[in-house]
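Here is the structure we will look at, set down as structure tokens.
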Amino acid sequence: MDFIRYISSKDVRQYLYDIDYKLSADQIIFIVLSCSFISIDEKLKALNDFRQTSDDVPLTSITDECFSETIGLTSHEFIRRYKSDVETMSEFMKANTCGYFYQVSLQYEDNLETELIGCFKSYKTCFEALSEYSKENVMKPGERLRLDKFPFDDEDSRNGENYLSDSNYCLFSNNLELMDINVYDNNCKTYGIGIDGMYVGIPMPFKKGDIVSIGRDINGVYLGYHPEKPEDYKPGRSYGDILLYGIYAEEHGFDGGYGIVFNYNVEYKDPALLSGDDLKLIPVSKYLKGELDSDEFYRNVRILELKKEKEKEDEYLSVFCSSLAELGIK
């Protein structure tokens, strides 16, 4: 079965096809569960297909002691426990548990911002409201309908033994497919299975200096990522240590060089499609690839920044003159 197709980036997918790359059990589980464009049901089906057609092998990517519940599991046992956790969490979210209320909101892509739709007493009425909203509104790609289950506890009781966090939620697509579910509540007993403890890398086509896009809105110049080489695989690493390194344009100068949590949404960016501050990524790319010396690099960047400053100044003067004209001042 083709599991490479679950990688978000078309460029990474094509590269793996071109080199005829064979995914390990750890990589397959990680890629399927980190896939953002398939539902939970599709993930369970893909993992079940893998389990039925593969040998049961030890998972080697989980070494961080913070995820002791997953260390030492085999691929088949990991999948079985993940399926059990999804079922247990779904039952908890749907149950009319005393002391909880529900909330529906619209969650925007790539950030934690939400727009409240309403609060409800039961999962049933909450889901009906969510369904009604999906019929009446057109959602943008990547937006999700979020259904939260909150305890009525006051601030003091939130430190009690029955409270862990307010992160009991489901994310639904516009057609009401369950895309993600997380429950961190002592009233819901699960194995705690997930990819957070995994440290998995795959070959990447990008080279230092390539201009890439990350997700839908972020552009940068690629520097590298971890894990990339065998020596990167050290005990005690987890998903949070899978980092993408790059350089990103700001209004004045650049930011980056440090790691951001890695995902498989990285693709080549056509320089002709860059605009605004991101135009400065072109001389950065050329400099890193040896096509510009340091003086030419600085001159190109400074010209772009001065041009941007002039455009802002012209816009300000235009608005100022219009305001004076409205007041009858010439």
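As a test of the formula, what do you get for the chain when each DSSP H run with n ≥ 4 contributes -39,500 (n - 2.57) and the sum is divided by the residue count, at 222 nm and rounded to the nearest 500 deg cm²/dmol? Mind dumping the intermediate values first?
Details: 7 runs with 108 residues, N = 330.
The helix contribution divided over the chain gives -11000 deg cm²/dmol.
Counting 0.36 nm for each residue step from Leu306 to Val57 and taking away their Cα separation leaves a gain of 83.8 nm.
Between Arg299 and Tyr191, the modelled labels are 6.3 nm apart [label points 7 Å from Cα along Cα→Cβ].
Simple spin-label estimate for Asp41 and Lys140 gives 2.8 nm between the two label positions (7 Å along the Cα-to-Cβ direction from each Cα). Rolling a 1.4 Å probe over the heavy atoms of the protein chains gives the chain an accessible area of 56 Å² per residue. Computed over segment 251-330, the alpha-carbon pair-distance distribution with 5 angstrom bins reads 3, 12, 15, 17, 16, 10, 9, 6, 5, 4, 3, 0, each value a whole percent.
With the contact rule set at Cα under 8 Å and sequence spacing of 6 or more, what percent relative contact order holds for segment 189-307? Mind showing how you got there, number by number?
Details: 182 pairs, mean separation 30.0, N = 119.
Taking the mean separation of contacting Cα pairs over the length of segment 189-307, I get 25 percent.
Each 10 Å bin from 0 upward holds the following percent of the Cα-Cα pairs of segment 171-330: 9, 25, 23, 20, 13, 7, 2, 0. Shown is the FRET efficiency for Ser167 and Asp270, computed with R0 = 41 Å from the Cβ-Cβ distance and rounded to the nearest 0.05: 0.60. Modelled label positions at Lys234 and Ile71, each set 7 Å beyond Cα in the direction of Cβ, lie 1.7 nm from each other. Note on Arg216 and Asp49: the extension gain reaches 57.0 nm, defined as 0.36 nm multiplied by sequence separation minus the Cα-Cα distance.
Within the listed set Gly142, Gly215, Gly99, the Gaussian network model of the chain (springs between alpha-carbon atoms below 10 Å) gives the highest mean-square fluctuation for Gly99. Please state, to two decimals, what the Cα-based radius of gyration of the chain comes to when divided by 2.2 N^0.38 Å (N = residues). Its radius of gyration relative to the 2.2 N^0.38 Å reference: 1.22. The charge dipole of segment 60-109, taken about its Cα centre with unit charges on the Cβ atoms of Lys, Arg (+1), Asp and Glu (-1) only, comes to about 220 debye.
The values are calculated or read from the model by the stated rules, or taken from the named source; none is laboratory data. Keep in mind it's a predicted model, so treat the numbers as computed, not measured. Because the Cβ atoms are built from the backbone with ideal geometry, glycine has one as well, and the counts that use them run over all protein chains shown. Each accessible area value is taken on the protein alone, full model and side chains, heavy atoms only, with ligands, DNA and RNA left out. Shrake-Rupley method; radii C 1.70, N 1.55, O 1.52, S 1.80 Å.
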